[in-house]
Each structure stands twice: as C-alpha cells, then as structure tokens.
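Below: the structure, in structure tokens.
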Amino acid sequence: MDEDRKDLLMQVEGMTCQGCVEAVKKTIARLDPQANVQVDLDHGRVAVTTRAQSLDVAQALTKAGYTATAMTG
C-alpha cells in the first residue's frame with residue numbers, strides 16, 4: 001500500500017510562524033489526507049511522504065501564498 005508514497009523535500013518561502021506551519025500542513029492534507037508532513041520553519045523546508053506529485057504540492061502551496069520549489073521528488 002505504501003509503494004505509491006514518495007518522499008518529497010520542498011523549499012517553501014514565506015513561512016514565518018506556527019500559523020504558516022499549520023496552513024502548509026492543511027494545504028497538503030487537502031491533496032493527500034494521509035500525507036506525513038514535517039515542517040522545518042527555521043530553514044523553510046517541508047518534508048512530505050505522500051501519494052501526491054511534487055508539482056501538485058508546489059502548486060497548492062503557491063496558491064496558498066507561499067513560494068514552493070521541489071528539492072527532491
């Protein structure tokens with residue numbers, strides 16, 4: 001079942017507080033409710049284990065007001 005999941009690492013600019021962290025998590029959860037999301041606020045990075053494509057994640061985060069770029073995936 002987990003063979004469809006992949007690990008993504010995203011650089012996400014514009015996150016400044018815990019509210020941003022929660023917004024990022026909710027945005028990704030809309031794409032994949034079972035996604036595992038780890039946010040590194042200090043370095044502006046988001047690690048995601050998900051079934052969603054990296055481009056879809058980046059586009060969703062951009063629509064939410066952040067600048068997201070896939071580092072892996």
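Those residues that are of a type in the set (Gly, Ala, Ser) and assigned to a helix (DSSP H, G or I), I need them from segment 15-70; list them, please. Correct list: GLY19, ALA23, ALA29, SER54, ALA58, ALA60. Could you please let me know if ARG30 is at pLDDT 95 or above and more than 9 Å from the chain's Cα centre (by Cα)? Spelling it out, ARG30 is indeed at pLDDT 95 or above and more than 9 Å from the chain's Cα centre (by Cα).
One residue stands out in segment 7-32 among those that are farther than 13 Å from GLY65 by Cβ and in contact (Cβ under 8 Å) with a residue 40 or more places away in the chain: the one that is most open to solvent (accessible area, probe 1.4 Å), namely ASP7.
Considering only segment 35-55, state which residues are of a type in the set (Asp, Glu) and over 15 Å from THR72 (Cβ atoms). Listed by number, the list holds a single entry, ASP42. Within segment 33-73, the residues that satisfy the criterion of being among the polar types (S, T, N, Q), at pLDDT 95 or above and closer than 14 Å to ASP4 by Cβ are GLN34, ASN36, THR49, THR50.
Considering segment 33-69, the residues that are within 10 Å of LEU8 (Cα to Cα) and among the hydrophobic types (A, V, I, L, M, F, W, C) include one that is surrounded by the fewest Cβ atoms within 10 Å (Cβ to Cβ), namely ALA47.
The values are calculated or read from the model by the stated rules, or taken from the named source; none is laboratory data. Predicted, not measured: the structure shown is a model, and the values here were computed from it. Backbone-built Cβ (ideal geometry, glycine too); neighbour counts: all protein chains shown. Ligands, DNA and RNA are excluded from the accessible area calculation, which covers all protein heavy atoms including side chains. Shrake-Rupley method; radii C 1.70, N 1.55, O 1.52, S 1.80 Å.
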